[in-house]
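What follows is a single structure, written as structure tokens, with notes after it.
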Amino acid sequence: MALGASLLHAQPAQALDPTWLVVGTSDPLLNENGDGYWESATIDVGTDADTAHWVLTTAAGQVVAEADLTAEQLSLAQHGAGTISVSSATVGKVLAAGTYTVTVTATSTGEEPTTRSTTIHVSTAPRLAAPTRSASTFYPRDTLPGVAHAVTLRQGGLDATISELATPRIEIVGPDGHVVGPWNVDHDNPTLRWNGEEWDVLQPAGTYRARLAVHDGNQTVYGPLSQPFTLSWGYRVQVTSTATRTANATRTATLTQRQARVRVVDGSLRYRAYNTDWRRQPLVRTAHRVTLPRDRAPGYWPVLVVRGPRQYDIDLDLEMVTREGDVRNIDVFTRVDTRSMIYPIPGRFIRSDGTVRFRLLWSSYGPTGTAGRVGRTDTISIQSVRYVWRGL
């Protein structure tokens, strides 16, 4: 009976305290390609255990590597500063891309073992190169077509894992070392378009470079600099210029001269009609050639201006010659009067060498047989729009 009473009043065994263990990571990315970034992943361990063991497993649960924490690692871990480095050097091979689990089990005498886990991510992206730039010079103050108004910077070598875990950013280093940015870039759109401003303020003119800034552990690591590019404060304005030559200077041939006279006086073509019957064809037809300015602005038609007095506005007519040599009579003008003829030149009449060929047709619509039926073509002008730089 005494033994039974003793058993009935026995105290239950106390549960053991768990071993203190903290496992985490601020450096979960591993991308061993030799470019110097994320060449190892780091697991942070804090514990007061006598021993600890870690295991690296794939997402499918396959064990890839395992080892005990060394005495040095345990000593550091007891101050909350222990680390496990995961790389090909510690696991014995280069890991395939994917997510892996690092599990640490800590054991102390008289305490319950404790297990904690964290994950790392392995990428097999190519080496990170310097950002590439779309233009060597760009002009933020310019608004006209034909030059870059912003520069596009593209970062290669980013994959989804790096973009998610490493927070890659592009920043721009100015001529005085001032850093503009950074701006985040991602896998789907690894580009940055910079218009030369920071906080809506145009930056100084000068030479700039772009570089990649990434997180590797608890530090920011900088990649190589891009090729230099120049921010220019230059801008263009539209200017209409006129190149004028005498009519005879542009003449290449006289194709028709019937019942009329044409002679050259101070570069002007002077006409006089002698016909006494009603004319059915032009009395004088002359062929001409002009060369357009090479610096004319694209998208604007050059304008042909023929000047010289005549009795009636219909006395002078125009034929244009196509690139292929076909002749087209022109019926619609911007302006025709007794002193000028103005015609915008479509592209189909402009040859690859920038020349334009045309013909001037003169007749007299005054009363047939009347004396003094004369006319004149003095000058041939080309009006064109071009861009002129300012602020350089």
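The values are calculated or read from the model by the stated rules, or taken from the named source; none is laboratory data. Remember, predicted model here, so these are calculated numbers, not experimental data. Neighbour counts are summed over all protein chains in view; Cβ atoms, including those assigned to glycine, are modelled from backbone coordinates with ideal geometry. In case anyone asks, the SASA skips ligands and DNA or RNA and just uses the protein heavy atoms, side chains included. Shrake-Rupley method; radii C 1.70, N 1.55, O 1.52, S 1.80 Å.
Below are the figures for this structure:
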{"item": "Top-ranked residue of the stretch 93-125 - restricted to ones that are of a type in the set (Gly, Ala, Ser) and part of a loop (DSSP other than H, G, I, E, B), ranked as surrounded by the fewest Cβ atoms within 10 Å (Cβ to Cβ)", "result": "110"}
{"item": "Top-ranked residue of the stretch 11-41 - restricted to ones that are part of a loop (DSSP other than H, G, I, E, B) and open to solvent by 70 Å² or more (accessible area, probe 1.4 Å), ranked as modelled with the highest pLDDT", "result": "20"}
{"item": "Candidates 359, 296, filtered to the one that is modelled with pLDDT of 95 or more and among the basic types (Lys, Arg)", "result": "359"}
{"item": "Total residues in the stretch 30-49, condition under 18 Å from residue 82 (Cα atoms) and in contact (Cβ under 8 Å) with a residue 40 or more places away in the chain", "result": "8"}
{"item": "In the stretch 375-392, residue surrounded by the most Cβ atoms within 10 Å (Cβ to Cβ) [restricted to those that are more than 16 Å from residue 241 (Cβ to Cβ) and either modelled with pLDDT under 95 or of a type in the set (Phe, Trp, Tyr) (or both)]", "result": "391"}
{"item": "Looking only at the stretch 160-191, and only at residues there that are among the hydrophobic types (A, V, I, L, M, F, W, C) and in contact (Cβ under 8 Å) with a residue 60 or more places away in the chain, the one that is surrounded by the fewest Cβ atoms within 10 Å (Cβ to Cβ)", "result": "165"}
{"item": "Residue tally, condition more than 30 Å from residue 35 (Cβ to Cβ) and open to solvent by 40 Å² or more (accessible area, probe 1.4 Å), over the stretch 126-148", "result": "6"}
{"item": "For residue 250: the one exception among (1) under 35 Å from the mean Cα position of the chain (by Cα); (2) buried (at least 18 other Cβ atoms within 10 Å of the Cβ); (3) not hydrophobic (A, V, I, L, M, F, W, C)", "result": "(1)"}
{"item": "Counted residues, the stretch 229-247 - those being surrounded by 15 or more Cβ atoms within 10 Å (Cβ to Cβ) and within 30 Å of the chain's Cα centre (by Cα)", "result": "8"}
{"item": "Qualifying residue in the stretch 284-300 (condition: within 17 Å of residue 370 (Cα to Cα) and open to solvent by less than 80 Å² (accessible area, probe 1.4 Å))", "result": "no"}
{"item": "Test: residue in the stretch 115-123 that is hydroxyl-bearing (Ser, Thr, Tyr), modelled with pLDDT under 95 and more than 30 Å from residue 152 (Cβ to Cβ)", "result": "no"}
{"item": "Failed item, numbered, when residue 366 is tested on (1) modelled with pLDDT of 95 or more; (2) part of a loop (DSSP other than H, G, I, E, B); (3) within 30 Å of residue 263 (Cβ to Cβ)", "result": "(1)"}
{"item": "Scope the stretch 57-92; condition touching a residue at least 40 places away in the same chain (Cβ under 8 Å), of a type in the set (A, V, I, L, M) and either assigned to a strand (DSSP E or B) or open to solvent by less than 60 Å² (accessible area, probe 1.4 Å) (or both); matching residues", "result": "84, 86"}
{"item": "Exclusive hit being of a type outside the set (A, V, I, L, M, F, W, C), at pLDDT 95 or above and within 30 Å of residue 169 (Cβ to Cβ), set 206, 223", "result": "206"}
{"item": "Members of the stretch 353-367 that are over 12 Å from residue 277 (Cα atoms) and surrounded by fewer than 18 Cβ atoms within 10 Å (Cβ to Cβ)", "result": "353, 354, 355"}
{"item": "Conditions (1) open to solvent by 50 Å² or more (accessible area, probe 1.4 Å); (2) out of contact with any Lys or Arg (no Cβ under 9 Å at 6 or more places or on another chain); (3) charged (D, E, K, R); (4) more than 30 Å from residue 142 (Cα to Cα); number of the one not met by residue 339", "result": "(2)"}
{"item": "Hey, residue 321 free of Cβ contacts under 8 Å to residues at least 60 places away in the same chain, exposed (fewer than 14 other Cβ atoms within 10 Å of the Cβ) and of a type in the set (Val, Ile, Thr) or not", "result": "no"}
